[in-house]
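As structure tokens, the structure follows; a few thoughts come after it.
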Amino acid sequence: MSLTGNYDQKSQPTCHCCFRLLRWIPVAFIVAVIGWSYFAYVVQLCFFSVTSIAERAILLILFHLFFLMFMWSYYQTIFTPIGTVPPKQFRIPPSEVDKLNRAENEEAQKRILEAFARELPVVNRTITGAVRYCEKCQHVKPDRCHHCSVCGVCVLKMDHHCPWVGNCIGFTNYKFFILFLGYALTFCLYVALSSLPYFLQFWQGELEGGMGRFHIVFLFFIAAMFAVSLVSLFVYHIYLVTLNRTTLEAFRAPIFRGTGPDKNGFSLGRLSNFQEVFGDQKVLWFLPIFTSFGDGLEYPIQAQHQRARPSTSYASMGETSTSVGDGVSYPIRCMEDEEDTESLLGADSRQEFEIFSRSDASIVDDIH
Ligand SMILES: [Zn+2]
Ligand SMILES: [Zn+2]
């Protein structure tokens, strides 16, 4: 395994701009479906098919409430800049890169990287025990950070690259992504259930409205289809949040310096795990506003891995963090009763997710 290498920006394909445009095709498709569903529901269903004014008003108010939350969280997931690695702390200076390139063997490279990372708050290692280093970005990778070949950068707490939002899902937008899944599911269920009576009227030949009636039929089918595909993804990500585990870490356990691989290495108990992503202000849990703890560079870890962390990088044992984003120190948090939440999901649904997400995960250049 080579630890080093030069990355020439000029060597990127000339059709990079075309590639960037292609990234937006799935997003454009989703936006087109949302736009059409708005027309089908508001115009065809509420104004042309619903005769009661009171029923129309209730349907429209609820529809716009779910629609607003769905679009807000979708917008935040797409347009929140991904968390990238601060070069000042983590970038390896050219002289050190030169040393790495000239090192006689892998052991010598490992020693150079270990010396450079001595003061950095990194406890994750590669499978060979080396400090994790990105050859393309030429910096040490913070814990839970991975290089995304689509975005072309290392992404903090990378979960996966999602083509449906045209963006990486990581530290800065993971909460927004989960809310997007949740509100998209709520929106689809609401549209499917509230259009069901009119859908049934169509099959009984009682629905009037000419060709416009077909919009209501398709609306029900498409909303139900999206709801079915979203429910499993949403439940899976809630399950990952309760374990403080990313999709990539679910495929391959992070390796801790001195203690080896541990899928639960970042798990702090279900409530604390949830608060790592959603924060501790309940009123903001359901709004797509950033409330996650930390700065994406350093994470609290289980006590058995703590001895691998530089002694200056965390506070004294027993201290509990209540602030968001101090960016410097992360205390050890008290372990809560850790129930094995794997039993919440059946084997079939886990397998389904692994198949669903594998294509996304395959774009990570170096999982460690
Ligand atoms: Zn990178
Ligand atoms: Zn990406």
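The values are calculated or read from the model by the stated rules, or taken from the named source; none is laboratory data. Note that the structure is a prediction, hence the values are computed from the model and not measured. Heads up, the Cβs are rebuilt from the backbone with ideal geometry, glycines too, and the neighbour counts pull from every protein chain shown.
Worth pointing out:
- Scanning segment 157-171 for residues that are part of a loop (DSSP other than H, G, I, E, B), more than 8 Å from the chain's Cα centre (by Cα) and within 12 Å of ligand 2 (Cβ to nearest atom) turns up 163, 165, 166.
- Top-ranked residue of segment 85-97 - restricted to ones that are part of a loop (DSSP other than H, G, I, E, B) and more than 26 Å from the chain's Cα centre (by Cα), ranked as surrounded by the most Cβ atoms within 10 Å (Cβ to Cβ): 92
- For segment 145-156, filtered to residues that are more than 11 Å from the chain's Cα centre (by Cα) and not small (Gly, Ala, Ser), the residue that is farthest from ligand 2 (Cβ to nearest atom) is 145.
- The residue of segment 48-74 that is surrounded by the most Cβ atoms within 10 Å (Cβ to Cβ), among those that are within 26 Å of residue 210 (Cα to Cα) and aromatic (Phe, Trp, Tyr), is 63.
- Considering the conditions (1) at pLDDT below 95; (2) within 21 Å of residue 36 (Cα to Cα), residue 204 is excluded by exactly one of them, (2).
- Selection count, segment 258-278, where residues are more than 16 Å from residue 174 (Cβ to Cβ), crowded, with 17+ Cβ neighbours inside 10 Å and of a type in the set (Gly, Ala, Ser): 2
- Residue tally, condition touching a residue at least 60 places away in the same chain (Cβ under 8 Å), over 17 Å from residue 298 (Cα atoms) and part of a helix (DSSP H, G or I), over segment 104-142: 4
- Screening residue 60 on (1) modelled with pLDDT of 95 or more; (2) assigned to a loop (DSSP other than H, G, I, E, B); (3) of a type in the set (A, V, I, L, M) shows it passes everything except condition (2).
- Annotation for segment 110-118: no member residue is within 16 Å of ligand 1 (Cβ to nearest atom), under 16 Å from the mean Cα position of the chain (by Cα) and of a type outside the set (D, E, K, R).
- Filter pass, residue 82 being assigned to a helix (DSSP H, G or I) and of a type outside the set (D, E, K, R): no
- Matching option when the condition is buried (at least 21 other Cβ atoms within 10 Å of the Cβ), within 16 Å of ligand 1 (Cβ to nearest atom) and within 25 Å of residue 279 (Cβ to Cβ), among 160, 147: 160
- Of 219, 189, all but one fail to be within 17 Å of residue 38 (Cβ to Cβ) and free of Cβ contacts under 8 Å to residues at least 40 places away in the same chain; the exception is 189.
Table: residues versus (1) over 30 Å from residue 31 (Cα atoms); (2) surrounded by fewer than 21 Cβ atoms within 10 Å (Cβ to Cβ); (3) touching a residue at least 40 places away in the same chain (Cβ under 8 Å); (4) not assigned by the TED database to the domain that holds residue 44.
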residue: 223; (1), (2), (3), (4): no, no, yes, no
residue: 230; (1), (2), (3), (4): no, yes, yes, no
residue: 238; (1), (2), (3), (4): no, yes, yes, no
residue: 252; (1), (2), (3), (4): yes, yes, yes, no
residue: 256; (1), (2), (3), (4): yes, no, yes, no
